[in-house]
Structure formats: C-alpha cells, structure tokens
1. Can you find even one residue in the stretch A:383-392 that is touching a residue at least 40 places away in the same chain (Cβ under 8 Å), aromatic (Phe, Trp, Tyr) and within 25 Å of A:Tyr40 (Cα to Cα)?
2. Would it be correct to say that A:Ile298 is under 24 Å from A:Gly33 (Cα atoms) and surrounded by fewer than 22 Cβ atoms within 10 Å (Cβ to Cβ)?
3. When you go through A:Val99, A:Val84 one by one, which is the residue that is modelled with pLDDT of 95 or more, over 30 Å from A:Asp385 (Cα atoms) and among the aliphatic types (A, V, I, L, M)?
4. Out of A:Ala335, A:Ala319, I need the residue that is touching a residue at least 40 places away in the same chain (Cβ under 8 Å), part of a strand (DSSP E or B) and surrounded by fewer than 24 Cβ atoms within 10 Å (Cβ to Cβ). Which one?
5. Quickly run through the stretch A:350-367 and pick out the residues that are farther than 19 Å from A:Leu216 by Cβ, touching a residue at least 24 places away in the same chain (Cβ under 8 Å) and in a helix (DSSP H, G or I).
6. Mind checking whether some residue in the stretch A:448-462 is hydrophobic (A, V, I, L, M, F, W, C), within 22 Å of A:Arg370 (Cβ to Cβ) and either more than 14 Å from every other protein chain (Cβ to nearest Cβ) or surrounded by 11 or more Cβ atoms within 10 Å (Cβ to Cβ) (or both)?
7. Return only the number of the condition from (1) more than 8 Å from chain B (Cβ to nearest Cβ); (2) touching a residue at least 60 places away in the same chain (Cβ under 8 Å) that A:Pro265 does not satisfy.
8. Can you list residue pairs whose Cβ atoms sit under 7 Å apart, with the first residue in the stretch A:40-53 being more than 19 Å from A:Gly67 (Cβ to Cβ) and the second being of a type in the set (Phe, Trp, Tyr) and not in a strand (DSSP E or B)? Count only pairs 6 or more apart in sequence or on different chains.
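The values are calculated or read from the model by the stated rules, or taken from the named source; none is laboratory data. Predicted model only: the values in this text are computed from it and were never measured. Positions of Cβ are generated from backbone atoms using ideal geometry, with glycine treated the same way; all protein chains shown enter the neighbour counts.
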Amino acid sequence: MPFKDHRDFIETLKKTGDLIEVTKEVDWDIEAGAIGRRMYEMGGPSIWFKKVKDYPEGYTLYNGSLGTWRRVAISLGLPPETPVREIYRIYEERLEKPVAPIILEKKKAPCKENILFDDQVDLYRFPAPMIHEGDGGRYIGTWDLVVTKDPEMGWTNWGMYRFMVHNKRWLAGWPQPTSQLAYQLKKYYLPRNQPMPVALVIGADPIAHMVATAPLRLGEDEANFTGALRKKPIELVKCETSDLFVPAHSEIVIEGEIPMDQIVPDGPFGEYPGYRSGTMAEGVGFRVKAITYRNNPILTMIALGVPIDDSSIAASLTAGIAMKRGLQHRGIPVADVFVPPEGVTHLIYVTVKKGGSQVTKEVLEYFTARRVMVSKVIVLDEDVDIFDSGQVLHAFATKCHPGRGIWVEHYEGRANSLTPCYSPKERARLKGASVAFDTTWPPEWPQEIVPIKASFKTIYSKEIQEKINQNWKSYGFK
Amino acid sequence: MKKEYQTFVRQFKDLKGGKQNLFIKDLTPGPRKYDTRYVKAEIFRDPGKIKNGDILRIRSESGVLLPQPWGIKILEELPESVPGQPWEDVFKAVEKNENLKP
C-alpha cells in the first residue's frame, strides 16, 4: 500500500529504524541544518526535530526524507535492502502506467485544517531553518514541490525549487532560468504582464517530492507519474486563491503569485552540487496570498550539500530514467543510464549496445540540446556494470582514448548556472561546456583484436569457471 | 545597544561608503531573525565614526563574511520589493544567444 502522506511514511521509518526523533530543543538557526548535514555525511537516518527554539509545541522540522537508497526503497513500498539497480528497474517499469490524480473536497483535505489569508499571513509562524552559516536567508522551500500551470494547455508543472523567507509576506526564490517554471513564466505570463499563480507545497507524500525533481518532458504532469509510482492516484485539492491543485495531505501549502514587475534578492545558498557558488541573484519574488496547513505542521527540509542527500539520491533516480527515455526517443542504442549520486547530476554514465565516436557524439548532442544540467558523460559498452563506479572508473581509465575519445560542446544561454567551476561571468550568461568520454571499443575494430577484459568471468572459459567454483571450498577457502 | 544587520555584495571590492539603497537582514535574535528590509541608508567603513548608528555585517556572493563589520545608519524604509522582471539579465543573455542562431 502506498503512503497516504508524510506522517504515514514517518511511522514506517520508525519501524525500520530509519528515523531518529530528537526531543532536545534545537535551534532553527544553523543548529538543525548542521545536525542534518552531519547525519547525511554519516549515512544515517532521517531526523525529526520535535522541539524547535522560538516555536510552540507541535511546530517541528524534519530532515532527510529520502536521503538514502533504503528510504527511497521504503517510499516505493519495497524492502529497504532493495539494490539500486532494482530500484531503477521498478521505477522505470511503474512510470509506464501513469495514474491520474483524484480531486478531494476541501473539507476532506488535511492541508486545509488551518487557513490564513492576506493580513493573517505570516511566514514566521513556521520554523523555516537557516540551514548553513552564510546563506542568504531562511530556506523554507528545500524539500518542496512548487506548482505552476500553463494557462493555455492546462499542463501543470511540479518542480523542486529553493525558496527563502524574504519577509512575513514574501518569499524569494531562484528556480533555474532554464527550468520548466521559467519556461511557463516566459512563454505565458511575461508577455501578458500577468502575475503567475504559484503554490509551494511542503511535506507531501515523499514520492510526490521525488517526482518533482524529475526532468519530465514539457506537457507531462508530475501528478500522473506520482500516481504511477504509488500505484494509486494521489489526492489533490484546489487552492484557496487560484485554480492550482496541490497534494491534499501536504503539511503546509503556501499560495501566492510571482509578479512580473517586482523582484526581491535571493541567495546565496549551499546548493545541490555541494557548494555555495555565488548564486546570489535578483530572484523571483513570490507574494504570498494564503497559507494552509495541518495541525502540528511538519516542515520538511534538506540540509543540502555534498552528496549523498535527498537531492542527489532523488535526482539520481528521476534524472537517470528520464535521460534513458530521452536517449531512446532519439534512437540512440542506449542500454542503461546511471546517475551516480556523488556526481550530483553533473556526471552521467551511459551504456550503449553499439559504441564508437558517432554514438558518443549523438549522446552529447542529446545532453546539450536544450537546457544543460550535465557537464560530463561517460559512454560505455554494455558489459560494464554502471551501478558499480569501480568498474566505470576502470573502463574510463583504460578505454577512453585521450586524443580521439573526448568530445566537447560549448554553448551559451542554457548552461547550469549552479555548476561550481563556471566563473561568475559565465554563470551570468549561462555559458558553459559539456564533455563526453567515448569509453567504448571502436566498432570498426575486428573482433579478434579487441582486448579481452582480464576478469574471472571474461578471460576464462565456462568450463574453467565451473571447475573453480565447484572446487572452491576444497582449496581451503571459505 | 546597537542593532546588527547583514547585507550581501558580489565582491568586497564593490563596497563603497555613503548613502545608498540596499537590502538588509535584521540579525535581532528571535523568530523574526533574518527578516529582510529594503532601506535607504548611509554606510561607513568604520562603525565607530557614526553616531546612533548600527552594525552592518557584510558577506560576499559565496557567503564569505568580511572580518570587520561596517556601520550603518538607516535613513528611510523603502518598499519591500524593487521593480524588475524575473531573470531579466539572464533572459536577455539567452535571447541574444538565440538571435545568433541561423
């Protein structure tokens, strides 16, 4: 059975040992973020801070919903020990059957238990954390889900974008200029000089947040894929101040609009690539019109930083499968794609059924065609297990020709401005480059000259392998 | 008791004293810490040189803290947001790039 909401998920994590409840008072100002960060770096459980300084009982913070593969497996209803390869396979399989959401009446929606309008709105009612020392502000939106809509086609986009508290009635954010939110804003709202309705959702079913990180194609609704992964429709409810729909069991929903003629500063912020890299900007202003929330609201957060954390794990899965679909759509003979969380979606492994420089160039073209979030792609033959970075490193070290196996593409206007190696000037112009490493054997080489991998399974005959395996214990080995 | 505020600049060399409009974060402890205000203010390299002034802590675009704080005297409260379009500079760069395409 899928989880009804984040609270339901928490109950399961308690049983599996993947959650620690902290009852000692913790400061929302740096302390909660620092604890969360340390725990990620120890590979530990998620943390529920039950008593937060300056805030009344019942206003709590929760860090690390899907910060390990174990918790991702649990969120999908799988055994916690499910291997990553299997999680990828099941995710991909379930995506094939989208399930449309169902609409709940407002009176049945838990996220409407409390409603604040206009002058009642005060973002400081919630313990938005100051996550890192030196950040530009208190990021209430990290493990969030931001809902916007294409007013002509009716397509609703969910994205995970950072938003910080500017003052009691405004948020400041910085969705990437190449994001789907930016696409909708630029295409529909800027030309009409119309404010863009927006809802920031905190603490929904963890799968909904994970899907919000997925680079789906334009026009695809994340709600349908959330239903696919849950194998059951997600329940949505209409907002109070717009025709947007949000997950009905969310902890907190902040409703408002992005004006086209007013901005507020955002950042800097320690971001998902693992650095705070000068992403201070004249950000997107989010004028809050209403807040709806559950009794005893749980504010979910990510103490973002170096991998592995919720962001790098969720994006590994969602981006990996989206990339595989995209490559297949282009007719590239892709076998598999893995996004190692340590590579924070900057480094991608792709295996192909047929390699060579032409295929490598086609792979690079796919990754640089539109918005470019990826800077390094290793293209490998399909005998390499790409879920084993040791095998990838070995293949890269030995098979990628330093003189003719490296392909670079430069571009401007569509680079990932959060990539730390870009200079401030490059970031401002979205200027960057991507590289593909051809780590495949040239297809024109005759079979008899292709080097044989000297591993037990590849350089010995089946007969020898069977003999060794059968006699293994007789040699005195355990 | 002097109040403490914080502001951000791209690089420390961009800092100039004198009257200017700037966004500041109120560092007063409590649930409203880091509240943002847009103000007209006079800022001073030496906080001791200003009567009835407050402390202004300064961080760079990467969040690096300038070791020595400046002084600030708030002259006027300004509206909470400023005129502008989301990603204005970036979209201009993108459009320029698109126009170069054949």
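1. yes
2. Working: under 24 Å from A:Gly33 (Cα atoms): yes; surrounded by fewer than 22 Cβ atoms within 10 Å (Cβ to Cβ): no.
No: the conditions fail for A:Ile298.
3. Values: A:Val84 fails: over 30 Å from A:Asp385 (Cα atoms).
A:Val99 is the lone residue from the list that is modelled with pLDDT of 95 or more, over 30 Å from A:Asp385 (Cα atoms) and among the aliphatic types (A, V, I, L, M).
4. Values: A:Ala319 fails: part of a strand (DSSP E or B).
After ruling out the rest, the residue left standing is A:Ala335.
5. A:Ser357, A:Val359, A:Thr360, A:Lys361, A:Glu362, A:Val363, A:Leu364, A:Glu365
6. Let us first name the residues in the stretch A:448-462 that are hydrophobic (A, V, I, L, M, F, W, C), namely A:449-450, A:452, A:454, A:456, A:459.
Next, only the ones that are within 22 Å of A:Arg370 (Cβ to Cβ) stay: none.
Checked the stretch A:448-462: no residue is hydrophobic (A, V, I, L, M, F, W, C), within 22 Å of A:Arg370 (Cβ to Cβ) and either more than 14 Å from every other protein chain (Cβ to nearest Cβ) or surrounded by 11 or more Cβ atoms within 10 Å (Cβ to Cβ) (or both).
7. The one condition A:Pro265 does not meet is (1).
8. Final answer for the pair search is A:Val52/A:Trp28; A:Val52/A:Tyr59; A:Lys53/A:Trp28.
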